[in-house]
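Trainee: Please find one structure pasted underneath; my questions will follow.
The values are calculated or read from the model by the stated rules, or taken from the named source; none is laboratory data. Quick caveat, the model's predicted, so the values are computed rather than measured. For neighbour counting, all protein chains shown are included, and Cβ atoms are generated from backbone atoms with ideal geometry for every residue, glycine included. Just the protein is used for accessible areas: all its heavy atoms, side chains included, with ligands, DNA and RNA removed. Shrake-Rupley method; radii C 1.70, N 1.55, O 1.52, S 1.80 Å.
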Amino acid sequence: TICCGAKNVAAGQYVPVALDGAIVPNGGFEIGKRTLRGVESNGMICSQTELNLGEEGDGIWVLGTATANSNSNSNGNSNSNSNSQQQQLKPGTELALALGLTDIVYDVFNTPNRADCNSHIGVARDVNAFISVHNGVNSAIPQPKGAEPHTGNASATPVTTGFVDPDLAPRYALQRIRNVQVVPSPDWMQQRLLAVGLRPRNILVDVTNYVNMELGQPLHAFDYNKLRGGGIEVKTMGAPFTFTTLDDKQRQLSGSELMICDLEGPVAIAGVMGGNNSEIDDTTTDIVLESAYFNPASIRRTAKALGMNTDASYRFERGVDIGNVIGAINRATQLILEYAGGEAAELIDLYPSPLQPAPIRVRYERMRSINGIDVSDATIRRMCEAIGCSVRELDATACEVTPPTWRVDLGAEIDLAEEVMRLYGINNVPVAEYGRLNMTGKTLHPSVQAAGGSDRLQRRRDVRRLLAARGYSDCVTSVLTSPELATLGGAAPAHLKNALGVEFSALRTSILPGLLTAASRNLRHGAETVRLSDIGSVFDLDATAELGVRQRETLCLLVTGDRETHWSLPQRALDLYDLLGDVGIVASVSTTPRSEGVEGLWTPNLVALHQGDRIVGVAGQIDPQLAAAFDIERDVYAAEIDLRLVSQTTARYQPVGQYPSVRRDLAMIVDEAVTAAAIIDSIAKAAPSTFRGAEVFDVYRHDQHVGVGKKSVAVAMRFQHDERTLVDDEVDASVAEIIRALHRDVAARVRGAESTIEERDS
């Protein structure tokens, strides 16, 4: 006893029933005994949608009636079950048996390189290859019925063809079939389509889907009477336009997509989806079947740009079998003629440059060496033949293998080595008894060594260790970024042709955006002191470099926030001098002001980093507007250093001098444009060996006391001898020589003196 409230329930019906304990597929809930209005209900009568076996969900699924003499059920729907199948409707029979759904459905995962396995016959072909090799006898998979050529009906005029782009559509075939009937597909076809997740519609559409799944060749059917001018062209439009696809969505196209057109405009997006202006409907009587090989890269670009992933585009963008374009359209024609009637016209096959797969030289010993297995020469040849290749012996050491057209992934000897490994069985490869671990990288081939070899690798480790000791966190940021962030480095970025998305479509020209993102995240989570470092590659366009891109290895440092809190030091924000002190730990560099910077990246508070006469990097303050764009409201300082230009210096240690040092202060008047760095540099060049350093401790400006456009700079100089105490005369002589050098180099005048040293000497 089952209680049911469906409107179409009646006595004498055969219906699918879910009994106590059954799990309903569409919903996953368990059926149990229930009492409804005082009556015990022992299950549920199911609809097609509840069983995931159809889309009729308004009432229960009536499979037939005990007194039925026709193929019409009480749902009013056409029931394509035959009388013999009706006789199998016996109460208590499992639904799968009653429906004839006794086949097993295998869910096969296919890797992107194996385009040939995107079909039933492709999978069968691969399974057959494995069985053939291990049975020692090669056998072929028979072609489906109807794949042979058809004789066209002389009374049926073929469709006319205009321009077909030979680069984007190397092979293009059309078959016109007239006087067809749009009827439901036979039961066996509908069941197979449902089993692979496709919804049956009518015989014309179902055949194209069926052949696609069977042979891996997407097909499309046009209503011939909707083709304006009665012709077909395959071309790009060259200008942006709007097109409505079969799903009734308007698509904005750029004009670079390959389109199928009639003589007045587009009717389909080639290899992706047809248009609603040429679709099959219940009134269709005359159709045109299309079977083609489209350029995979073109279909991939179109599908990705439009965000459309269809069964057709999935196969076309991986590469279909150009040699089976005609076999597939013949197979579809045979099925349509058998189940929809009609008359087929002469087949049109546009194939101006037939593909000739290039032969591959296969060395037997190379196959064994790559795979580490002991397989005979004869077995290698049999394996190649089993996957459909033709094999010709060259000599005792090698053979020539020509891949079939359906194996678009076979183009080199290494590809066939993979096939040998696959068919031999990866699980059968013996386990190595020992392994070799290269610790230094010195014995690696130069093409796979780290930049600069093992010495440069050790240098990077040393830099990271030194910076970690200074409180830096080592970061690893992505080399892929957005075009907007990539331009912050000041150079034109290199763009990827097959990017994961816009935000990952360019190679970075600077590491700074990545560190700014990390710094912002740290500050938002409460960090008061942020010191970040990263060693990575940056890329610039360079026509003289390999692939047009120059790669540099860069060390990037970034500091922001407050200095680490300590009881003996006042609290203050990190500044450029803190950063330069850290840079000095990594490399011995000198600094000079740098007036030109990257607009939008640095402020004028920017210095160039030198080693000798060579500039190895820059350090300075990040533009506050850029920092604010990353939600950083603090001053940010950063340095970028080209590690390949930095010479590694050996640390030298000197004992602390045991003799007293002498300090001399010198105040001088110089032009406003003279920098402190220029003054210190002049002092260092003129000073004797006893000179131990100088630093600016005061800068004074006053139009009356100093002069307009002038400034007073006070410098503290320190002198010390390692073996004795200095006397005043020695220090005075050194200071006098320094004053002369300052006058000569920066036109300095000692403050308070009426004349320069040189004027007094004269």
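Trainee: Going by average Cβ neighbours within 10 Å, how do the peptides 688-697, 531-540 rank, with the highest at the top? Can you show the working numbers first?
Mentor: Values: 688-697: 13.9, 531-540: 20.2.
Ranked by mean Cβ neighbours within 10 Å, highest first: 531-540, 688-697.
Trainee: Obtain the nm distance between the two label points defined at LEU541 and ARG701 by a simple spin-label model: each point lies 7 Å from its Cα along the Cα-to-C-beta direction.
Mentor: 4.2
Trainee: Further, regarding this structure: Quick check: residue separation of HIS134 and ASP722 times 0.36 nm, minus the Cα distance between them. What number comes out in nm? Walk me through the numbers on the way to the answer.
Mentor: On the way: separation 588, 0.36 × 588 = 211.68 nm, distance 8.57 nm.
Length gained, HIS134 through ASP722: 203.1 nm.
Trainee: Also, quick follow-up: Rank VAL375, GLY617, TYR314 by how far each Cα sits towards the positive end of the charge dipole of the chain (+1 on Lys, Arg Cβ; -1 on Asp, Glu Cβ) and give me just the farthest.
Mentor: VAL375
Trainee: Keeping all protein chains in position, work out how much accessible area THR402 exposes to a 1.4 Å probe, and write it in Å² to the nearest 10.
Mentor: 40
Trainee: Any idea what angle helix 120-135 forms with the longest principal axis of the chain, computed on alpha-carbon atoms, 0 to 90 degrees, nearest 10?
Mentor: With both axes taken from Cα atoms, the answer is about 90 degrees.
Trainee: How far apart, in nanometres, would the label points at ARG465 and TYR659 be if each is projected 7 angstrom from Cα along the Cα-to-Cβ direction?
Mentor: 3.7
Trainee: Determine the principal axes of the Cα atoms in region 526-636, then give the extent along each, sorted from largest to smallest and rounded to whole angstroms.
Mentor: Cα spread of region 526-636 along its principal axes, largest to smallest: 55, 34, 26 Å.
Trainee: Semi-axes, largest first, in whole Å: what does sqrt of 5 times each Cα gyration tensor eigenvalue give for region 546-603?
Mentor: Working: eigenvalues 183, 44, 33 Å².
So the three semi-axes of region 546-603 are 30, 15, 13 Å.
Trainee: Apply the Debye scattering formula to region 147-299, with a single equal point scatterer on each alpha-carbon and no solvent, then give log10 I(q)/I(0) at q = 0.17 Å⁻¹.
Mentor: Per q value, in the given order, log10 I(q)/I(0) is -1.07.
Trainee: Beyond 38 Å, how much of the Cα-Cα pair distribution for the chain remains, as a whole percent? Mind dumping the intermediate values first?
Mentor: Details: 186661 of 289941 pairs.
Counting every Cα pair in the chain, those more than 38 Å apart make up 64 percent.
Trainee: How much accessible surface area, in Å² rounded to 10, belongs to the heavy atoms of SER298 with a 1.4 Å probe?
Mentor: Roughly 10 Å² of SER298 is accessible to a 1.4 Å probe.
Trainee: Report the antiparallel proportion of the DSSP beta bridges in the chain as a percent, rounded to a multiple of 5. Can you show the working numbers first?
Mentor: Numbers: 110 of 115 bridges.
Beta bridges within the chain, antiparallel portion: roughly 95 percent.
Trainee: Moving to a separate point now. For a quick check of your reading of the filter: which GluC sites (Glu not before Pro) in region 497-602 sit in a DSSP loop and have no more than 10 other Cβ atoms within 10 Å? Please report the intermediate quantities before stating the final value.
Mentor: Numbers: sites: GLU503, GLU528, GLU546, GLU553, GLU564, GLU596, GLU599; in loops: GLU528, GLU564, GLU596, GLU599.
Answer by residue number: GLU596, GLU599.
Trainee: A further question follows. Given a 1.4 Å probe, how much area per residue of region 285-365 is accessible, in Å²?
Mentor: On the way: 3250 Å² over 81 residues.
Using a 1.4 Å probe on heavy atoms only, each residue of region 285-365 averages 40 Å².
Trainee: Direction-averaged shadow area of the convex hull around the Cα atoms of region 19-64, nm²? Mind dumping the intermediate values first?
Mentor: Working: hull surface 15.0 nm².
Value for region 19-64: 3.8 nm².
Trainee: If a cysteine in the chain has no other Cys Cβ under 4.7 Å from its own Cβ, put it on the list, ordered by number.
Mentor: CYS3, CYS4, CYS46, CYS117, CYS261, CYS399, CYS475, CYS556
Trainee: What distance in nm separates the two pseudo spin-label positions at ASP167 and GLN625, each 7 Å out from Cα along the beta-carbon direction?
Mentor: About 4.2 nm separates the two model spin labels.
Trainee: Once you have the Cα-Cα distance between CYS4 and ARG572, take 0.36 nm times their residue separation minus that, and quote the gain in nm to one decimal.
Mentor: Going from the current span to full extension adds 196.6 nm.
Trainee: Another question about this same structure. What residue among GLY54, THR208, VAL479 has its Cα farthest toward the positive end of the dipole of the chain, where the charges are +1 on Lys, Arg and -1 on Asp, Glu, each on the Cβ?
Mentor: VAL479
Trainee: Moving on. In angstroms, what radius of gyration and Dmax does region 211-311 have, counting Cα atoms only?
Mentor: 13.1, 37
Trainee: To the nearest 20 debye, what is the magnitude of the charge dipole of the chain about its Cα centre, counting +1 on the Cβ of each Lys and Arg and -1 on the Cβ of each Asp and Glu? Walk me through the numbers on the way to the answer.
Mentor: Details: 71 positive and 94 negative charges, 208 e Å.
Result for the chain is approximately 1000 debye, rounded to the nearest 20.
Trainee: Using the 2.2 N^0.38 Å rule of thumb for compact globular proteins, work out how region 465-563 stacks up: its C-alpha Rg over that value, please.
Mentor: Values: Rg = 14.8 Å, N = 99, 2.2 N^0.38 = 12.6 Å.
Dividing the Cα Rg of region 465-563 by 2.2 N^0.38 Å gives 1.18.
Trainee: Now, a different point. Return the carbon/sulfur percentage of the accessible area of the chain, one whole number, probe 1.4 Å, all protein chains in place. Before the final figure, lay out each step's value.
Mentor: Numbers: 20430 of 40720 Å².
Result for the chain: 50 percent of the exposed heavy-atom area is carbon or sulfur.
Trainee: Something else now. Taking the dipole about the Cα centre of the chain, with the C-beta of Lys and Arg at +1 and of Asp and Glu at -1, give me whichever of GLY136, THR333, ASN277 is farthest to the positive side.
Mentor: My answer, from the dipole projection, is GLY136.
Trainee: To the nearest Å, what is the center-to-center distance of region 1-40 and region 520-562, using C-alpha atoms only?
Mentor: With region 1-40 and region 520-562 each reduced to a Cα centre, they are spaced 65 Å.
Trainee: Calculate for the chain the 222 nm mean residue ellipticity that helices alone would give, adding -39,500 (n - 2.57) per DSSP H run of length 4 or more and normalising by residue count, nearest 500 deg cm²/dmol. Don't jump to the answer; show the numbers that get you there.
Mentor: On the way: 19 runs with 195 residues, N = 762.
Taken over the chain, the calculation gives -7500 deg cm²/dmol.
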